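Each remark here refers to the structure printed beneath this line.
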Amino acid sequence: MGGARTTGDMVMRMQISKKMRIKEAKQYVADKLGLTTLEICDVITMSEVREDRGFGLTHIEPCAESNIGMEAKFRIAEALGIKINSVERFKERAGIK
């Protein structure tokens with residue numbers, strides 16, 4: 001799936017957190033992002049989607065705002081409707097809950 005270049009990281013999270021099979025996880029992620037399963041595997045399409053939605057990129061464009069690390073994880077958790085442990089711990093320690 002391409003990891004953070006496409007949606008491999010998100011699909012993997014769904015497989016682990018919701019115990020989904022890969023086909024089911026791909027469809028879930030595609031539905032949440034409003035895309036098709038073919039589009040979530042396309043590097044060019046997903047580069048644009050990841051940049052637009054602040055999901056983080058594997059490459060950093062010069063002079064571009066890039067959402068990496070915690071900020072990207074917050075947005076991924078919200079978009080997929082899941083809890084990510086590091087996000088939950090960050091919220092707890094920062095008193096955001």
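The values are calculated or read from the model by the stated rules, or taken from the named source; none is laboratory data. Computed from a prediction, not measured in an experiment: that's the story for all the values here. In this analysis, Cβ positions are derived from the backbone assuming ideal geometry, glycine residues included, and neighbour counts consider all displayed protein chains.
Look at M20 and say whether it is at pLDDT 95 or above, of a type outside the set (D, E, K, R) and part of a loop (DSSP other than H, G, I, E, B). It is true that M20 is at pLDDT 95 or above, of a type outside the set (D, E, K, R) and part of a loop (DSSP other than H, G, I, E, B). Tallying residues that are in contact with a helix residue (DSSP H, G or I) (Cβ under 6 Å, 6 or more places away or on another chain) and either under 14 Å from I76 (Cβ atoms) or touching a residue at least 40 places away in the same chain (Cβ under 8 Å) (or both) within the range 4-48 yields 13. Using the structure shown, decide if E61 is more than 14 Å from the chain's Cα centre (by Cα) and at pLDDT 90 or above. No, not satisfied.
Could you tell me whether G69 is farther than 18 Å from S17 by Cα, at pLDDT below 90 and surrounded by fewer than 12 Cβ atoms within 10 Å (Cβ to Cβ)? Reasoning before the result, please.
Values: farther than 18 Å from S17 by Cα: yes; at pLDDT below 90: yes; surrounded by fewer than 12 Cβ atoms within 10 Å (Cβ to Cβ): yes.
Yes: the conditions hold for G69.
Apart from one condition, L35 fits all of (1) outside any helix (DSSP H, G or I); (2) at pLDDT below 95; the exception is (2).
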